[in-house]
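Working notes for the structure below.
Quick note: the coordinates plus some simple rules give every number you see, no bench work behind them. As the structure is a prediction and not an experimental result, all values here were calculated from the model.
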Amino acid sequence: MTEEETLRSETVYRGRIIQLRVDTVSAPGGGTKRREIVVHPGAAAIVAMSGEGILMVEQYRKAVETMTLEIPAGTIEADESPEECAARELIEETGFEAATLDKLIEFFPSPGVSSEVIHIFKAGDLKRVSDPEPELTVRFVPVDSIQDMISSGELRDGKTLIGVLMALR
């Protein structure tokens with residue numbers, strides 16, 4: 001296993017959330033290769049559980065041109081810890097606050113092209129403190145429905161699959 005040495009790095013796009021960087025790296029055996037990298041600040045996601053089930057949000061995702069059912073999540077802001085992001089996003093997206101927040105896992109959703117790390121937390125002792133974001137439909141999904149929803153393809157978002165399976169193991 002050989003690490004690639006970065007010989008040159010150029011940011012070709014800066015957006016509100018992501019940057020696109022093109023790196024020229026040394027190739028094993030000589031020569032160079034180009035690597036296109038999406039630079040992302042990271043995200044936090046929350047498996048919020050109550051006696052009603054797992055709290056999920058339904059929203060339209062333009063990148064895949066469809067509605068998705070997902071656990072709440074969001075991008076980590078500057079000077080914010082993953083835990084702070086998780087607590088903030090849970091309230092913003094769902095209107096619920098959690099008394100407990102425990103880290104389940106962190107993972108790279110697409111390490112071949114992105115620097116993003118997603119931190120997943122399990123939240124409990126939920127209390128409604130505000131209204132959810134208006135463009136999101138918020139609902140509790142019964143725990144005994146999760147496996148069937150995964151098998152049928154109703155749940156297809158990666159962080160949601162990893163999060164609910166980790167929380168239910």
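Work out the count of Lys pairs in the chain where the Cα-Cα distance is under 25 Å, with the pair 8 or more places apart or on different chains. Let's see the in-between values first.
Values: K62/K159; K103/K122; K103/K127; K103/K159; K122/K159; K127/K159.
Summing the qualifying lysine pairs gives 6.
Show me, bin by bin at 5 Å from 0, the whole-percent P(r) of region 80-169 based on Cα pairs.
All Cα pairs considered, the percentages come to 3, 12, 19, 23, 24, 15, 5, 1.
I want to verify the translational diffusion coefficient of the chain in µm²/s; compute it with Stokes-Einstein, Rh as the Kirkwood radius over Cα pairs, at 20 °C and 1.002 mPa s. Spell out each step's value before the answer.
Details: Rh = 17.5 Å.
Once the numbers are plugged in, D ends up at 122 µm²/s.
Evaluate Rg over Rh across region 50-123, taking Cα atoms for both radii and Kirkwood's formula for Rh. All intermediate terms of the calculation are to be shown ahead of the outcome.
Details: Rg = 13.2 Å, Rh = 13.7 Å.
So for region 50-123, dividing Rg by the Kirkwood Rh gives 0.97.
Subtract the Cα-Cα distance of T24 and E84 from 0.36 nm times their separation in residues, and report this length gain in nm to one decimal. Show your work: numbers first, answer last.
On the way: separation 60, 0.36 × 60 = 21.60 nm, distance 3.54 nm.
Length gained between T24 and E84: 18.1 nm.
F108 to R61: extension gain in nm, 0.36 nm per residue of separation minus the Cα-Cα distance?
Details: separation 47, 0.36 × 47 = 16.92 nm, distance 2.00 nm.
Full extension of this stretch gives 14.9 nm more.
Could you go through region 18-27 in sequence order and give the Karplus-derived ³J(HN,Hα) for each residue, using 6.51 cos²θ - 1.76 cosθ + 1.60 with θ = phi - 60°, rounded to whole Hz, and x for Gly and Pro?
10, 10, 10, 10, 10, 9, 9, 10, 6, 9
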